[in-house]
Each structure stands twice: as structure tokens, then as C-alpha cells.
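What follows is one structure encoded as C-alpha cells, with my remarks underneath.
Nothing in this text is a laboratory measurement; each read-out follows from the coordinates by a stated rule. From a predicted model like this one, the values you see are computed outputs, not experimental measurements. Because the Cβ atoms are built from the backbone with ideal geometry, glycine has one as well, and the counts that use them run over all protein chains shown.
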Amino acid sequence: MKQKTVPSRRILQGLYSSKRIAFLLFLAALFLGLANVFFAQAAIGAEIAAKKVEIIPGWFENVGWGVVFALVFLFLGIIIVRLRLQRKNRELLAVNEKLKSAEEKYRQMVEDSPDLHYRIDREGKISYVSHAVRKLSGYTVEEALGMQMADFYINSEKREKLLSALEKDGYVNDFIAQLKRKDGSTWWASENVQVYKDSHGTILGFKGITRDVTERIKAEKNLKENYSIINQSLAITFLWKNETDWPVQCVSENLVDVFGYTAEEFLSGVISYADIIHPDDFQRVSEEVATHSEGEKTNRFNQEYRIITKGGTTIWIDDRTLIRRNKHGEITH
């Protein structure tokens, strides 16, 4: 990573101010010297008139003192300028050192990250890639540099979809695509990509961060399969909040086949779970829930009570509840 030198307008202004001070000191010295010469000539003229003395030696003597004064002030001005230049130079070196340290720290964070950081040019060739490329793809940094990014994609249409989104919006977040490794195996990646430009706004290419989400995709697939099994059975799953009347946060779609209500009616808050419990059972169910919620030892309990369907039919259910708690042991669902 190249070290950048940051131009400081404040420092340049300081240098300009130092030169101006030196110039003013020089003018002051010159003025004093000329003034000394002028007054010396006047005094010499008076002396000539009174004593008839030679004017050359006195004139040279006073001019000499004027030059000395000018040189002294000029020398002092040079010293001041040099001191200010040295101070500004130290400030500039300190700024550059901080910048260098920050860049090194950022570079180290990127290289140590498990996520893959990369940059590609407008032709799609990889111009920079972090060391995570070896763990995720099997390629070394040296092998990956210069490769076409499109060669990593299993589905070329996915790559075209990503490029279209970048051309339209300039960035893409959490773009899911299946990629292939050097040994031919595949993995799922989540990509955050954006265009990068030069100082004139010309697009130079794209830079992005790729994260391995293979386990997440597998978990989502298993969850969908489980939901499919549940939705084809008579078992209904509810996730309700630990709040008054137990508002429903999530419910399986087969709800409509058993209770007659749609999932949307519960999720929108039109109806709560407490609304469908039979009035003669509601008090007992509430007390049992409160009893099982005391302490942190109980996480599961079973209940049997009646539910009134949307069509008005009363049915008995076997409710098997699993308590969900946060890290503080407080019941959330």
C-alpha cells in the first residue's frame, strides 16, 4: 500500500506568512539604514558648515552602520523563517506518520479478515485480492491476480444480474451467488460490491467484500423443508411475544386449514392468540402460563384447552410450549 502525502493548506499558509515576515523585517532594516544615512548626512552638513570638516569619512561610516543594521535584521528574518519551516516540517511529518500508521492498521485488518476483499478493473480482471482468497477459493493471491472474476461464478446469469444492478445503482448489498473453488467444489457467497472512480468521476472498476454464507444457505434450505413438512401436517406452529394477549409474530401457513384464520390476520394484529382461546378456558390457561414462566428452570410445558375457530366451531388442542429467553434470562417469546 503506497504512502500518501497529504498537502496542508494551513502549512502552506504558514510558510507564506514566514516569508512575508522576513521580507517586512528586511524592509524595516533597509528603512532604518537609509534613515540613518539621511540623518547622518544632515549632521555632516551642519558640521561642514560649522567646522569645515571632510564629509567622506563620516558618510561612509554611517552608511556602513545602516548596512550592518539591514544585514542583522535580514539574518534574524532568515533564522525565524528557518525555525518556522522546521516546525511546519515536523508537523507535516507527524501527519504523514499518523496516516501511514492508520493505513497499515487498516491493511492489517483487511488481510486478517475472514471475508474476501477484492478489486477488479473495468475488464473484470482482479487487480487486488486479500489473503482470504486462499481459504475461500483455494487460489493463492498470486494465482488470483489477473483472473477474470466471471470465472468464479457457477451461473453466468447471476454475474450478469450483478453487473446490471451495479450499472443501475452503483452498489449491491448481500447479493447471493454460488461460486466455485479451484478444486471444482462450490460454496455460497454474499457480496457487497460498489463502483470506484477516479478524481474526475470516471469509473475505474468495482471493489467488494465477499463472505462465505454456505452454512446460512443450508440452514435456510432446511428451514424451508421443515416448514413444508409442518404446512402439510395438522400441527400448527406459533411464535408469540411475551406481551398482553400474546400477539403473534410468526405462524405456519397451515393455520387456515385447522383454525380457519389466515396467517396475515394474526401477523397484522387484527386478532391475537388470546382471542381464539375459549372463554371458559382462558383464565386457567393464563394462570398455567404464569406458573410455568416463574424462575428459569422451566423451558417446556404442555396444556390442553379449547380453541374457537373462525367458523365458530370449538376444538380441543394439545399445546406444547417452548419458552424462549434472552441472555438475561427474561422471557421474550
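Please rank V133, V270, V289, fewest neighbouring Cβ atoms within 10 Å first, as an exposure proxy.
Values: V133 23, V270 11, V289 17.
With the sparsest Cβ surroundings first, the list reads V270, V289, V133.
May I ask you to derive the relative contact order of segment 146-236, considering only C-alpha pairs under 8 Å and at least 6 residues apart, and to give it as an integer percent?
Values: 108 pairs, mean separation 16.6, N = 91.
Worked out over segment 146-236, it gives 18 percent.
What is the calculated FRET efficiency for N89 to Y171, with r their C-beta to C-beta distance and R₀ = 45 Å, to the nearest 0.05?
For R0 = 45 Å, the calculated efficiency reads 0.65.
Where does the charge balance sit around S190 when Lys and Arg score +1, Asp and Glu -1, over other residues with C-beta under 13 Å from its C-beta? It would help to have the intermediate numbers written out before the result.
Values: positive: K158, R211, R216; negative: D115, D174, E191, D212, E215, E220.
Surrounding charge for S190 is -3.
At a Förster distance of 22 Å, what's the computed FRET efficiency of T313 paired with D257, Cβ-Cβ distance as r, to 0.05? Could you put the intermediate results ahead of the total?
On the way: r = 13 Å, r/R0 = 0.60.
With R0 = 22 Å, the Cβ-Cβ based efficiency is 0.95.
Take K241 and E215, extend 7 Å from each Cα along the Cα→Cβ direction, and tell me the distance between the two endpoints in nm.
With each label point 7 Å from Cα toward Cβ, the separation is 3.0 nm.
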